[in-house]
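The following block contains the structure, expressed as structure tokens.
The values are calculated or read from the model by the stated rules, or taken from the named source; none is laboratory data. These numbers come from a predicted model, not from an experiment. Ideal geometry is used to build each Cβ from the backbone, glycine not excepted, and the neighbour counts take in all protein chains shown.
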Amino acid sequence: MRLLVVEDEQKTGEYLQQGLTEAGFLVSLARNGLDGHHQAMTEEFDLIILDVMLPDVDGWRILKSLREAEKQTPVLFLTARDSVEDRVKGLELGADDYLVKPFAFAELLARVRTLLRRGLSPAQADQLTVADLLLDIPKRKASRSGKKIQLSQKEFSLLELLVRRQGEVLTRSLIASQVWDMNFDSDTNVIDVAIRRLRAKIDEGFDPRLIHTVRGMGYKLDADGNEE
Ligand code: CA
């Protein structure tokens, strides 16, 4: 899951980035409103954590602009001001939740997880399944036919992306941007190597095969097994 943190206070921004990264999210940090607005408008995020008080473009303007552009990415507001009007204003503009600074990281994490779960059934939110493959999202654990599969953080993120978008062909550049937070040319084999490793763990010794190569396009995860 990819998060955008828009926060001008360096310490808070880095603290959030580090904590959320350790919790298994891919985190992009914008240190001012303009950069935050640009990233929010041009990239795909699952959630935006938006500071209200920014020196250039404030959080309200960013949120207003996002919603006007019909971008429905969930937004969690961070506000230093504990006034009812501010909170109401944020929610009216289309924020999904807010947190008053200073806050405990555990609380922020709980709010983030709740927002990401919204719109999904509770079972969908915590567990993803395809055939006999089971992903436990909060614990970041995978198993097939009840057999535990050891995955690195990146392998889990890659598998989660494939499972969430099962049946869809995912290009290497999409996988690179969603899992590695990088943009790279298609001639690199980072993705292919990662897929090969993941496949050895997920598909070897199991039936049906789930990870498929779509020649000239990318990869998809599918239990029906239409190879190439
Ligand atoms: Ca601020």
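Among the hydroxyl-bearing types (Ser, Thr, Tyr) and either surrounded by 15 or more Cβ atoms within 10 Å (Cβ to Cβ) or modelled with pLDDT of 95 or more (or both): which single residue out of 73, 21, 114 fits that description?
73
Would you mention how many residues in the range 51-75 are within 24 Å of residue 116 (Cβ to Cβ), of a type outside the set (Gly, Ala, Ser) and more than 9 Å from the ligand (Cβ to nearest atom)?
Within the range 51-75, residues that are within 24 Å of residue 116 (Cβ to Cβ), of a type outside the set (Gly, Ala, Ser) and more than 9 Å from the ligand (Cβ to nearest atom) number 13.
Kindly list, by first and then second residue, each pair from a residue in the range 58-78 that is within 19 Å of residue 1 (Cβ to Cβ) to a residue that is among the aromatic types (Phe, Trp, Tyr) and assigned to a loop (DSSP other than H, G, I, E, B), limited to pairs with Cβ atoms under 7 Å and residues at least 6 apart or on different chains.
Cβ pairs passing all conditions: 73/45.
Next question. Out of the residues in the range 1-26 that are in a strand (DSSP E or B) and within 16 Å of the ligand (Cβ to nearest atom), which is farthest from residue 103 (Cα to Cα)? Break it down into steps so the answer makes sense when it comes.
Of all residues in the range 1-26, those in a strand (DSSP E or B) come to 2-6, 26.
Now narrow it down to the ones that are within 16 Å of the ligand (Cβ to nearest atom): 4-6.
Working: 4: 18, 5: 15, 6: 16 Å.
My answer is 4.
Related question: If a residue must be farther than 19 Å from residue 11 by Cβ and within 16 Å of the ligand (Cβ to nearest atom), how many such residues does the range 41-50 contain? It would help to see each step written out before you state the result.
Here is the first cut: in the range 41-50, the ones farther than 19 Å from residue 11 by Cβ are 41-48.
Among the residues that remain, those that are also within 16 Å of the ligand (Cβ to nearest atom) are: 48.
The number of residues fulfilling the criteria is 1.
Condition first: away from the ligand (no atom under 16 Å from the Cβ) and without any contact (Cβ under 8 Å) to a residue 40 or more places away in the chain. Now tell me which residues in the range 94-119 satisfy that.
Answer for the range 94-119, where residues must be away from the ligand (no atom under 16 Å from the Cβ) and without any contact (Cβ under 8 Å) to a residue 40 or more places away in the chain: 94, 96, 97, 104, 106, 107, 110, 111, 113, 114, 117, 119.
In addition: Filter the range 76-93 for residues that are hydrophobic (A, V, I, L, M, F, W, C) and modelled with pLDDT under 90; which is surrounded by the most Cβ atoms within 10 Å (Cβ to Cβ)?
Pass one, the range 76-93, residues hydrophobic (A, V, I, L, M, F, W, C): 76-78, 80, 84, 88, 91, 93.
Next, from what is left, pick out any that are modelled with pLDDT under 90: 80, 84, 88, 91, 93.
Numbers: 80: 12, 84: 8, 88: 11, 91: 13, 93: 19.
The selected residue is 93.
Further question on the same structure: Report every pair of residues separated by at least 6 positions or lying on different chains whose Cβ atoms are under 8 Å apart, first residue within the range 79-93 and of a type outside the set (Val, Ile, Thr), second assigned to a helix (DSSP H, G or I) and modelled with pLDDT of 80 or more.
These pairs meet every condition: 89/60; 90/59; 90/60; 90/63; 93/60; 93/63; 93/64; 93/67.
Let me ask something additional. Conditions first: (1) of a type outside the set (Ser, Thr, Tyr); (2) within 30 Å of residue 175 (Cα to Cα); (3) touching a helix residue (DSSP H, G or I) at 6+ places or on another chain (Cβ under 9 Å). Residue 39 passes all but one, so which condition is the exception?
So the condition that residue 39 fails would be (3).
Residue check, residue 151 against (1) free of Cβ contacts under 8 Å to residues at least 60 places away in the same chain; (2) in a strand (DSSP E or B), all met but one. Which one?
For residue 151, the exception is condition (2).
Select, from 78, 29, 34, 91, the only residue that is within 30 Å of residue 126 (Cβ to Cβ) and either assigned to a helix (DSSP H, G or I) or away from the ligand (no atom under 14 Å from the Cβ) (or both).
Result: 91 is the single residue among 78, 29, 34, 91 that is within 30 Å of residue 126 (Cβ to Cβ) and either assigned to a helix (DSSP H, G or I) or away from the ligand (no atom under 14 Å from the Cβ) (or both).
Condition test on residue 159, is it at pLDDT 95 or above, under 17 Å from the mean Cα position of the chain (by Cα) and of a type in the set (A, V, I, L, M, F, W, C)?
On the way: at pLDDT 95 or above: yes; under 17 Å from the mean Cα position of the chain (by Cα): yes; of a type in the set (A, V, I, L, M, F, W, C): yes.
The answer is yes for residue 159.
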